[in-house]
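Colleague: Have a look at this one before I ask anything.
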There are 2 protein chains.
Amino acid sequence: MADPATPPRLTRRRLLGGTAVAAGAAGAAGIGWGAASLTRRDHDRDPGLDTVAFYGEHQAGIATEPPGHAAFAAYDLAAGTTREDIVGLLKIWTDDAARLTQGMPALADTEPELAARPARLTVTVGFGPRMFAVAGLDQRRPPWCNPLPPFTIDRLDPAWCDGDLLLQICAEEATTVAHAVRVLSKHVKSLVSVRWVQRGFRNAARGQTMRNLMGSVDGTVNIAPGTPDFERLVWDDGAARPWLAGGTSMVLRRIAMNLETWDELDADGRALTVGRTVAEGAPLSGGAEFDEADFGAVDRYGIPKIPPSSHIARAHHAHDGERFLRRGYNYDDAPAPGHVSNSGLLFASFQRDIDTQYLPVQQRLAEFDALNQWTIPVGSAVFAIPPGVPGPGGYLGQQLFEAAATRN
Amino acid sequence: MADPATPPRLTRRRLLGGTAVAAGAAGAAGIGWGAASLTRRDHDRDPGLDTVAFYGEHQAGIATEPPGHAAFAAYDLAAGTTREDIVGLLKIWTDDAARLTQGMPALADTEPELAARPARLTVTVGFGPRMFAVAGLDQRRPPWCNPLPPFTIDRLDPAWCDGDLLLQICAEEATTVAHAVRVLSKHVKSLVSVRWVQRGFRNAARGQTMRNLMGSVDGTVNIAPGTPDFERLVWDDGAARPWLAGGTSMVLRRIAMNLETWDELDADGRALTVGRTVAEGAPLSGGAEFDEADFGAVDRYGIPKIPPSSHIARAHHAHDGERFLRRGYNYDDAPAPGHVSNSGLLFASFQRDIDTQYLPVQQRLAEFDALNQWTIPVGSAVFAIPPGVPGPGGYLGQQLFEAAATRN
């Protein structure tokens, strides 16, 4: 992969091993999240006090190991909003996030006590397509910053789609997430209306892959923060748009699961649908969860061990440049009348270029994926994620707006 | 309190200290939850593997220290359900709960891997008023097992009220809760429909009181598991209804918070409304959070330090028998269009007799409570909580149904 002279499997393992050592993580099985941004844990202290750095080249909440809870909130700009209004809003969000993530109340925080447990809080801000137009900056909008094209599998509800601004708020404690969402929402409520809020959760033993509510490991094939692949595939280098250097893009898909009919499938049927064993998450070509899937492997009758129609066969990148970072969360909301549950996945991916990395994979899955029988995309949104704030005094999106101020 | 010869403050402290020692807890500040049912924690192992015993004189999830997540789910019995159907359902729930709480998959669990992290899971079953009628056991229904009388402050939405059967499912991990709710719901779906599911969360440092989303400590005055008061005030002794010995009652109130207007109040205004300082949660009569409030204390002008209109003054038990166990959770759902948030409290209380313990307090609060300006009860439900299952072979509610089988 990174080094064509080395067999891919060995390279991958070496990368994983190296990252795990760098992170000081307990297990080397996972993708080695966020070596740089992880707060060192001391089991004698209260983990609710752990913090993730706010300032940096990149926004936190992307290379950061995902904590147990997330809220994704989208906002629509009010009619008549100006570029200066948006800059003002971003300065407020920057100041609020810089404080809250470090366990300090926001300015004029009406519930300062709820800020006392940051619990690895991260706040990640994104720009929806229309924000650029409202700000008079459409010429700086990345070409991939558009609603995704419609897919035949979509059953989208506008209530879960689009949005001018995004907040991704993650923490280990749900109370921390609730407080941060409220503070950040209400401090800008004269400028925006809340379009949607989607809450999710994920749990796994340290070093293991989370499972979604279908019971499958979710996120095995991923790119490990700290690796050259990650740098290249996730972070924009600013070549085309200098303001975006160190930023990225985010796709959020709300994928409902039809667990009623999924329940009718036994473990073998599920394995053939996904392409992995259920219990171990190992590719059906053999080995363990983090071994590379061998899509050419056949059984003694010449039948592919991993069905070409299976989810991992269809989702597999055709080339290295089709990879992206997955950082999803489960959702489980109150069921509609007559239903037993309302569950699914908040699929969140980060990639430098949606058009070249994410879309080809999504197109393949929409064309055919055995899993589509049980999963229904009901929400879809795309955001440009500006770079981080290097230090106090700056604000999120400054590179975009200041370039505009001097050059427009 | 327990010993009239000892000043109440000292007695309370002694009780708290004793319980904390028994529980081996880190802090002696809180009410000393669940000495008996707490699994000992070893920081070197994965807390997602911790379990709470299922079998016992009482159901778990009441004297158990509340973990971070809860779902309260109510079910309506389908038309034509017989007593035998209900017994069958309860046997399924018993078997499922006995396994899931110990980290084992339920029988025919379609996602057995999601059962591998019990995370202190408890499953608590309750009987709504109509269940007794459907089962032909109305003569055994406790007199307090009825919908609460209407209060002038109520703005109840039937979507959050009542129900024939209740599940209270609590765990430290949201995925565990989601899996348990789904397993228990779908295994009985031919007999019931889901009436409502309400999800909540709570977070606090060990030994400290949780805060609600108004920022207030919530649950300071509570009765400590393991104390004689707890035994007397929570568990039924079976004198009136032998089947209920070791059981109790539950009130669940969904209380919406108007955080928009609450935000207009400063810390002093909040303190006078609640009767406690915001930061410390200390009664305005002085001292620290767990000191007794002195409702007779006046300032040098003769004005009560704790306003008689304040929440704690109105909520304070007129006598010892008006106390009950509070075990609430915050909720924070997706806001309705045009709103910033949709937050509140899932107030859950356990008491031997709703009519004598809970109702007088609730009546006083409904008549007047300064806090009512910002809180709106939108859901209400009452359940009889049968005793625990002593050991393998029994089932939840057996005492009720077997007494009926032999005596009816």
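Colleague: What is the helix-to-structure angle for B:8-23, meaning the angle in degrees between its Cα long axis and the longest Cα principal axis of chain B, kept from 0 to 90 and rounded to the nearest 10?
Modeller: Relative to chain B, helix B:8-23 is tipped by roughly 40 degrees.
Colleague: How far is B:T261 from itself in the other copies, in nm, if each label sits 7 Å out from Cα along the Cα-Cβ line, shortest first?
Modeller: When each copy's label point is compared with this one, the spacings are 4.8 nm.
Colleague: Quick one: if you stick a label point 7 Å off each Cα along the C-beta vector at A:N146 and A:L49, how many nm between them?
Modeller: Rounded to a tenth, the inter-label distance reads 5.1 nm.
Colleague: So, in nm, how far is label A:E57 from label B:D138 when the simple model puts each one 7 Å beyond its Cα toward the Cβ?
Modeller: 7.4 nm
Colleague: Amide H to amide H, which residues 5 or more places from B:R195 or on other chains are under 5 Å from it, using H placed in the peptide plane?
Modeller: Hits under the 5 Å cutoff: B:A74, B:Y75, B:D76.
Colleague: Would you order B:M257, B:M104, B:M214 from fewest to most other beta-carbon atoms within 10 Å of each residue's own beta-carbon?
Modeller: Going from least to most buried by this count: B:M104, B:M257, B:M214.
Colleague: For A:G247, enumerate residues with amide H under 5 Å from its amide H, sequence gap 5+ or separate chain, H modeled in the peptide plane.
Modeller: Here A:D236 satisfy the definition.
Colleague: So what are the stretch B:13-407's ellipsoid semi-axes, whole angstrom, largest first, if each one is the square root of 5 times an eigenvalue of the alpha-carbon gyration tensor?
Modeller: 34, 23, 21
Colleague: For the protein assembly as shown, rounded, prolate or oblate, judged on the Cα gyration tensor with a ≥ b ≥ c (square roots of eigenvalues), a/c < 1.5 rounded, else prolate if a/b > b/c?
Modeller: Here the protein assembly as shown falls in the oblate category.
Colleague: Quick one: what are the phi-derived ³J(HN,Hα) couplings along the stretch B:217-228, Karplus 6.51/-1.76/1.60 with θ = phi - 60°, whole Hz, x for glycine and proline?
Modeller: For the stretch B:217-228, the Karplus-derived couplings read 4, 9, x, 4, 7, 8, 10, 7, x, x, 8, x Hz, x marking Gly and Pro.
Colleague: Ordered by residue, what ³J(HN,Hα) values in Hz, to whole numbers, does the stretch B:258-275 give under the Karplus form 6.51 cos²θ - 1.76 cosθ + 1.60, where θ = phi - 60° and Gly and Pro are x?
Modeller: Karplus values, whole Hz, x for Gly and Pro: 8, 6, 4, 7, 4, 4, 6, 8, 7, 4, 5, x, 5, 4, 5, 6, 7, x.
Colleague: Here is a further query. At a 10 Å Cβ-Cβ cut-off, how would you order B:D95, A:D96, A:D164, A:D138, fewest neighbours first?
Modeller: A:D138, B:D95, A:D96, A:D164
Colleague: Here's a follow-up. Return the average number of partner chain Cβ atoms within 10 angstrom of each residue Cβ along peptide B:166-174.
Modeller: That works out to 2 on average.
Colleague: Mind checking which lysines have their Cα closer than 24 Å to the Cα of B:K189? Skip sequence neighbours fewer than 8 apart in that chain.
Modeller: B:K91
Colleague: Compute the label-point distances linking A:T82 to its equivalents in the other copies; points lie 7 Å from Cα along Cα→Cβ; give nm, one decimal, shortest first.
Modeller: Sorted ascending, the copy-to-copy spacings read 7.6 nm.
Colleague: Sort B:391-398, A:119-126, A:294-301 for me by packing, meaning the mean count of neighbouring Cβ atoms within 10 Å per residue, highest on top.
Modeller: Averaged packing, sorted descending, gives the order A:119-126, B:391-398, A:294-301.
Colleague: Per 0.36 nm of contour for each residue apart, how much would the distance between A:K91 and A:I376 grow if the chain were fully extended, relative to their Cα-Cα spacing?
Modeller: 98.9 nm
Colleague: Next up: Return the loop-located trypsin sites (Lys or Arg not before Pro) in the stretch B:142-192 (DSSP other than H, G, I, E, B) with at most 16 other Cβ atoms within 10 Å of their own Cβ; answer none if there are none.
Modeller: Within the stretch B:142-192, the qualifying trypsin sites (Lys or Arg not before Pro) (loop, at most 16 other Cβ atoms within 10 Å) are B:R155, B:K189.
Colleague: Relative to the longest principal axis of the C-alpha atoms of chain B, give the angle of the C-alpha long axis of helix B:174-186, reported between 0 and 90° and rounded to the nearest 10°.
Modeller: Between the helix axis and the principal axis of chain B, the angle is about 40 degrees.
Colleague: Hey, another quick one. Ranked by Cβ crowding within 10 angstrom, fewest neighbours first, how are A:F368, A:F324, A:F132 ordered?
Modeller: Ordered by Cβ neighbours within 10 Å, fewest first: A:F368, A:F132, A:F324.
Colleague: May I ask you to report, in nm to one decimal and beginning with the shortest, the distances from A:A288 to the same position in the other copies, taking label points 7 Å along Cα-to-Cβ?
Modeller: 4.8
Colleague: With the cut-off at 1.5 for a/c, could you classify the stretch B:111-251 from its C-alpha gyration tensor as rounded, prolate or oblate?
Modeller: It is rounded, given that a/c, with a ≥ b ≥ c, falls under 1.5.
Colleague: Could you pull out every one of the aspartates and glutamates with an alpha carbon less than 13 Å from that of A:K186, ignoring same-chain neighbours closer than 8 positions?
Modeller: Output for A:K186: A:D96, A:D109, A:E111, B:E260, B:D263, B:E264.
Colleague: Below 13 angstrom from the Cβ of B:A116, what's the summed charge of the other residues (Lys, Arg +1; Asp, Glu -1)?
Modeller: -4
Colleague: Step through the residues of the stretch A:85-100 one at a time and calculate ³J(HN,Hα) from phi using the Karplus curve (6.51 cos²θ - 1.76 cosθ + 1.60, θ = phi - 60°), rounding each to whole Hz and writing x for Gly and Pro.
Modeller: Per residue, the Karplus-derived 3J(HN,Hα) values read 4, 5, 4, x, 4, 5, 5, 5, 4, 4, 5, 4, 5, 4, 7, 4 Hz.
Throughout, read-outs are computed from the coordinates displayed, never taken from laboratory work. Fair warning: this is a prediction, and the values are worked out from it, not measured in the lab. Note that each Cβ is placed from the backbone with ideal geometry, even for glycine, and that neighbours are counted across all protein chains shown.
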